[in-house]
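Novice: Mind looking over this structure? Questions follow.
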Amino acid sequence: EFRFGPCRVEGVALPGLWEAFRTVKDAVQVQDNNTSIRLLRCEVLQNVSDSESCHLVHDLLKFYLNTVFKHYYPKIAESNTQPSFSTLANNFVFIVSKLQSSQAGEMPPDKDRARRRFLLFKRAFKQLEIQAALTKAFGEVDILLTWMGKFYQL
Amino acid sequence: HMAEDSPGLLQHVKFQSSNFENILTWDSKPESIPGTVYSVDYKTYGKPEWLAKAGCQRITRKSCNLTVETGNFTEFYYARVTAISSEGWSATKMTERFHPQQHTTIKPPDVTCVPKVRSIQMIVHPTLTPMYNADGHQLTLEEVFQDLFYHLELHVNHTYQMHLEGKQREYEFSDLTPDTEFLGSIVISVPTRLKESAPYVCRVKTLPDRTWT
């Protein structure tokens, strides 16, 4: 179960997400030639309070679904890793749907802090050429899962 | 004489990590090219600068211990090796992105198996890692992996095993037959990371029952 502060998400197995990403990780990360830029850097993910975490994971996963996975999919279709990709995407859709119902209508200050963190990530993404940005962001799913793992309980 | 690239000079540059002891290794083809020297750099993913690893500059061996340099288990790292042969050939190769918490394998636990008359006690000793937190406290595997637990088996005979598991360090298999040999097997498991150690195995015999019946 994930516990992002007030937001609970049951029915997602984090080990399964790790297994899915592990299948595509090396093939994707080797295409990311820019080792000096990290999108999900410390300022985005470090010391996130529980109450911020729900908003931040919601924004990040929505961005991954609507931008990264959506536009990166053609590259995945060329390789035989669709099952793993689908596992990741479907689980992200499920998590977002659960988060949405938990935080409807709330406008606490945490949402603003989480928003600022997310915008740091998005700005770094926009500063890269689109294909490079998509490859880098997809290659950083392990950074995202590592952070999400802090809110996961068996 | 400008150094040109030679692929055979340098191959399989990768990290070998176990219990967070992170060793960079590489090969060459053929096995050894006399006079070839190797230099190692490393960097944190997201940082611009490559750093030269002191002690691994112009070496002839094909490994380099980067445990200290890659000691933040939450970080992501790269390393690269540059090989230069005596004839002026050169090659540079980089590792894949290395994340200690993701890539390290877990060694078998250190366990003391204590036989008694009708039970066997098993005491799992903490596994220290080569990493320290900000206060200088040396971290154990349990502190690095929050969901780490131990799984213990006692093989009674070919068809029957007893099982115990948990996060605590002391376990006892009871209601056993005195003066009988058992095989104990203990593994460390980290489910969220899909990690499991090889087993620590102990062969132990319960004590004879000297009480008068």
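Novice: Here is a check on your reading of the model: is B:V81 under 24 Å from the mean Cα position of the chain (by Cα), of a type in the set (V, I, T) and outside any loop (DSSP other than H, G, I, E, B)?
Specialist: On the way: under 24 Å from the mean Cα position of the chain (by Cα): yes; of a type in the set (V, I, T): yes; outside any loop (DSSP other than H, G, I, E, B): yes.
Taking the combined requirement at face value, the residue satisfies it.
Novice: Please find, within segment B:83-97, the residue that is least open to solvent (accessible area, probe 1.4 Å) out of those that are under 19 Å from B:N22 (Cβ atoms) and more than 10 Å from chain A (Cβ to nearest Cβ).
Specialist: Initial filter on segment B:83-97 (under 19 Å from B:N22 (Cβ atoms)): B:93-97.
Okay, now just the ones that are also more than 10 Å from chain A (Cβ to nearest Cβ), so B:93, B:95.
Numbers: B:K93: 74, B:T95: 8 Å².
My answer is B:T95.
Novice: Moving to a separate point now. Report the residue count in segment B:36-47 for those that are more than 14 Å from chain A (Cβ to nearest Cβ), surrounded by 17 or more Cβ atoms within 10 Å (Cβ to Cβ) and either in contact with an Asp or Glu (Cβ under 8 Å, 6 or more places away or on another chain) or part of a strand (DSSP E or B) (or both). Outline the logic, then answer.
Specialist: To start, the set of residues in segment B:36-47 that are more than 14 Å from chain A (Cβ to nearest Cβ) comprises B:36-40.
If we keep only those that are surrounded by 17 or more Cβ atoms within 10 Å (Cβ to Cβ) as well, we get B:36, B:38-40.
If we keep only those that are either in contact with an Asp or Glu (Cβ under 8 Å, 6 or more places away or on another chain) or part of a strand (DSSP E or B) (or both) as well, we get B:38-40.
The qualifying residues number 3.
Novice: Checking the conditions here, which among B:S185, B:S174 is of a type outside the set (A, V, I, L, M) and open to solvent by less than 30 Å² (accessible area, probe 1.4 Å)?
Specialist: On the way: B:S174 fails: open to solvent by less than 30 Å² (accessible area, probe 1.4 Å).
Answer to the check: B:S185.
Novice: When segment B:191-213 is examined, which residues are found to be part of a strand (DSSP E or B) and either modelled with pLDDT of 95 or more or within 15 Å of B:L164 (Cβ to Cβ) (or both)? Break it down stepwise before answering.
Specialist: At the first step, the residues of segment B:191-213 found to be part of a strand (DSSP E or B) are B:195-196, B:200-205.
B:E196, B:Y200, B:V201, B:C202, B:R203, B:V204, B:K205, listed by residue number.
Novice: Identify all residues within segment B:116-139 that are buried (at least 19 other Cβ atoms within 10 Å of the Cβ) and under 22 Å from B:Q161 (Cβ atoms); write none if there are none. Explain how you work it out, then say what you get.
Specialist: The initial filter retains those residues of segment B:116-139 that are buried (at least 19 other Cβ atoms within 10 Å of the Cβ), namely B:120, B:122, B:124, B:127, B:129, B:131.
Answer for segment B:116-139, where residues must be buried (at least 19 other Cβ atoms within 10 Å of the Cβ) and under 22 Å from B:Q161 (Cβ atoms): B:I120, B:M122, B:V124.
Novice: Identify, by number, the condition in (1) without any contact (Cβ under 8 Å) to a residue 60 or more places away in the chain; (2) among the hydrophobic types (A, V, I, L, M, F, W, C); (3) surrounded by fewer than 17 Cβ atoms within 10 Å (Cβ to Cβ) that B:V68 doesn't meet.
Specialist: That leaves (1) as the condition not met.
Novice: Can I ask one more? For B:Y78, are the conditions met, namely being within 14 Å of chain A (Cβ to nearest Cβ), in contact (Cβ under 8 Å) with a residue 12 or more places away in the chain and open to solvent by less than 30 Å² (accessible area, probe 1.4 Å)?
Specialist: On the way: within 14 Å of chain A (Cβ to nearest Cβ): yes; in contact (Cβ under 8 Å) with a residue 12 or more places away in the chain: yes; open to solvent by less than 30 Å² (accessible area, probe 1.4 Å): yes.
In short, yes.
Novice: Another question, then. Is it the case, given these coordinates, that B:V190 is touching a strand residue (DSSP E or B) at 6+ places or on another chain (Cβ under 6 Å) and either within 14 Å of another protein chain (Cβ to nearest Cβ) or of a type in the set (A, V, I, L, M) (or both)? Spell out how you get there, then give the answer.
Specialist: On the way: touching a strand residue (DSSP E or B) at 6+ places or on another chain (Cβ under 6 Å): no; either within 14 Å of another protein chain (Cβ to nearest Cβ) or of a type in the set (A, V, I, L, M) (or both): yes.
Answer is no for this residue.
Novice: On to the next question. Has segment B:143-159 got any residue that is in a strand (DSSP E or B), of a type in the set (A, V, I, L, M), at negative phi and within 24 Å of the chain's Cα centre (by Cα)? Give the derivation first.
Specialist: Within segment B:143-159, the first condition is being in a strand (DSSP E or B), and the residues that meet it are B:149-155.
Within this subset, residues satisfying the condition of being of a type in the set (A, V, I, L, M) are B:152, B:154.
If we keep only those that are at negative phi too, we end up with B:152, B:154.
Pick out the ones that are also within 24 Å of the chain's Cα centre (by Cα) and you get B:152.
Yes: one or more hits.
Novice: Report, by residue number, each residue of segment A:17-39 that is at the interface with chain B (Cβ under 9 Å from one of its Cβ atoms) and part of a helix (DSSP H, G or I). Even if it seems obvious, please write down each step before you answer.
Specialist: Kept after step one, since they are at the interface with chain B (Cβ under 9 Å from one of its Cβ atoms), are these residues of segment A:17-39: A:18-19, A:22, A:25-26, A:29-30, A:32, A:35-39.
Correct list: A:W18, A:E19, A:R22, A:K25, A:D26, A:Q29.
Novice: With A:L99, A:L134 as the choices, which residue is touching a Cys at 6+ places or on another chain (Cβ under 6 Å) and touching a residue at least 40 places away in the same chain (Cβ under 8 Å)?
Specialist: Values: A:L134 fails: touching a Cys at 6+ places or on another chain (Cβ under 6 Å).
None of the other options fit; the residue is A:L99.
Novice: Please indicate, with yes or no, whether at least one residue in segment B:98-115 is among the basic types (K, R), within 18 Å of the chain's Cα centre (by Cα) and modelled with pLDDT of 95 or more.
Specialist: For segment B:98-115, residues among the basic types (K, R), within 18 Å of the chain's Cα centre (by Cα) and modelled with pLDDT of 95 or more: present.
Novice: Confirm whether A:S51 is polar (S, T, N, Q) and within 11 Å of another protein chain (Cβ to nearest Cβ).
Specialist: On the way: polar (S, T, N, Q): yes; within 11 Å of another protein chain (Cβ to nearest Cβ): no.
It is false that A:S51 is polar (S, T, N, Q) and within 11 Å of another protein chain (Cβ to nearest Cβ).
Novice: Among all residue pairs at least 6 apart or on different chains, which show Cβ distances below 9 Å where the first residue, located in segment A:48-63, is more than 18 Å from A:E1 (Cα to Cα) and the second is open to solvent by less than 10 Å² (accessible area, probe 1.4 Å) and in a loop (DSSP other than H, G, I, E, B)?
Specialist: Cβ pairs passing all conditions: A:L60/A:L40.
Novice: What tally of residues in segment A:30-79 results from selecting those that are within 15 Å of A:K111 (Cβ to Cβ), of a type in the set (S, T, N, Q) and open to solvent by 10 Å² or more (accessible area, probe 1.4 Å)? So that I can check it myself, show each step before the final result.
Specialist: Step one: list which residues in segment A:30-79 are within 15 Å of A:K111 (Cβ to Cβ), which gives A:48-60, A:62.
Narrowing the set further to residues that are of a type in the set (S, T, N, Q) leaves A:49, A:51, A:53.
Next, only the ones that are open to solvent by 10 Å² or more (accessible area, probe 1.4 Å) stay: A:49, A:51.
Going through segment A:30-79 one residue at a time, the tally reaches 2.
Novice: What is the one condition in (1) open to solvent by less than 50 Å² (accessible area, probe 1.4 Å); (2) closer than 27 Å to A:L40 by Cβ; (3) more than 14 Å from every other protein chain (Cβ to nearest Cβ); (4) part of a loop (DSSP other than H, G, I, E, B) that B:I33 does not satisfy?
Specialist: (2)
Novice: Quick test for you: out of B:L51, B:L66, B:L24, pick the one residue that is within 14 Å of another protein chain (Cβ to nearest Cβ) and closer than 30 Å to B:T140 by Cβ.
Specialist: Values: B:L66 fails: within 14 Å of another protein chain (Cβ to nearest Cβ); B:L24 fails: within 14 Å of another protein chain (Cβ to nearest Cβ).
Checking each option against the conditions leaves just B:L51.
Novice: Is it the case that segment A:111-126 has a residue that's touching a Lys or Arg at 6+ places or on another chain (Cβ under 8 Å), under 24 Å from B:L194 (Cα atoms) and within 14 Å of chain B (Cβ to nearest Cβ)?
Specialist: No.
The values are calculated or read from the model by the stated rules, or taken from the named source; none is laboratory data. Quantities reported herein were computed from a predicted structural model and do not represent experimental measurements. Don't worry about glycine lacking a Cβ; one is built from the backbone with ideal geometry, like all the others, and counts go over all protein chains shown. Just so you know, the surface numbers come from the protein's heavy atoms only, side chains and all, with ligands and any DNA or RNA stripped out. Shrake-Rupley method; radii C 1.70, N 1.55, O 1.52, S 1.80 Å.
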